[in-house]
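The values are calculated or read from the model by the stated rules, or taken from the named source; none is laboratory data. Computed from a predicted model, the values in this text were never measured in an experiment. Just so you know, the surface numbers come from the protein's heavy atoms only, side chains and all, with ligands and any DNA or RNA stripped out. Shrake-Rupley method; radii C 1.70, N 1.55, O 1.52, S 1.80 Å.
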Amino acid sequence: MAANVRRVVLLGPAHRMLIRGLALPEAEVFETPLGRINLDIAGMEAIKPIPQVIVSNQAHALEHSLEVQLPFLQCLLPDFSLLPLLVGHTYDEVVAEVLETVWDGDETLIVISSDFSHHLPYALAQQVDNETVDAILSLHAPLDPDRACGSIPVDGLILAAQKHHLSPHLLDLRNSGDTAGAHDQVVGYAAIAFTEAHEHAN
């Protein structure tokens with residue numbers, strides 16, 4: 001599967017700047033210590049006519065929700081271009097429209113970056129995050145934004161999954177208390193894959 005991927009559409013919530021809509025960067029390349037990633041210029045141009053899509057280098061300058069995913073993608077994928085979008089105040093239907101515009105075959109991978117619960121005690125975080133996972137696995141939207149900072153892009157993906165008959169599958173669910181963090185205030189994380197039924201069967 002990874003060998004087929006040639007483009008990654010990466011969406012994450014905007015934390016550092018108020019955005020109305022979805023923000024593209026005005027750049028052609030992203031760079032990490034692992035090397036340069038060419039941006040998908042054609043895909044970026046394809047979604048610019050959507051009214052809520054804007055271009056803002058300022059929005060991307062200090063944002064971490066996308067960049068934390070890049071080293072993983074660079075390690076796992078041999079060669080890909082990137083279409084990065086920060087999601088601000090908008091609607092899940094707009095996110096779904098953007099995804100539909102860039103929807104393609106196996107060569108396109110869509111990644112949504114989001115934390116889950118924040119600053120709850122360990123046991124309560126487990127309960128809350130399990131409820132959020134159950135909502136995603138049942139394709140139930142909208143999510144509570146207090147339980148997932150990327151609720152809007154996740155909601156948009158759920159709408160797209162419903163249209164394209166994709167099934168979500170939980171890969172893992174943890175929080176910061178499971179690694180090196182204390183248990184009094186933790187942050188939740190999950191990995192969920194959306195696939196066609198025959199892909200999961202294989």
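Points worth noting:
- Region 1-60: translational diffusion in µm²/s, Stokes-Einstein, Kirkwood Rh over Cα pairs, 25 °C, 0.890 mPa s: 188
- Rh (Kirkwood; distinct C-alpha pairs) - region 43-115, Å: 13.7
- Principal semi-axes in Å for region 107-202 [√(5λ), Cα gyration tensor, largest first]: 25, 14, 11
- Heavy-atom accessible surface of region 40-167: percent carbon and sulfur, 1.4 Å: 56
- Dividing the convex hull volume of the alpha carbon atoms of the chain by its residue count gives 124 Å³ per residue.
- Counted over all Cα-Cα pairs of region 140-188, pairs farther apart than 16 Å make up 56 percent.
- Euclidean distance between Cα centres, region 135-197 to region 1-54, Å: 21
- Rolling a 1.4 Å probe over the heavy atoms of the protein chains gives the chain an accessible area of 53 Å² per residue.
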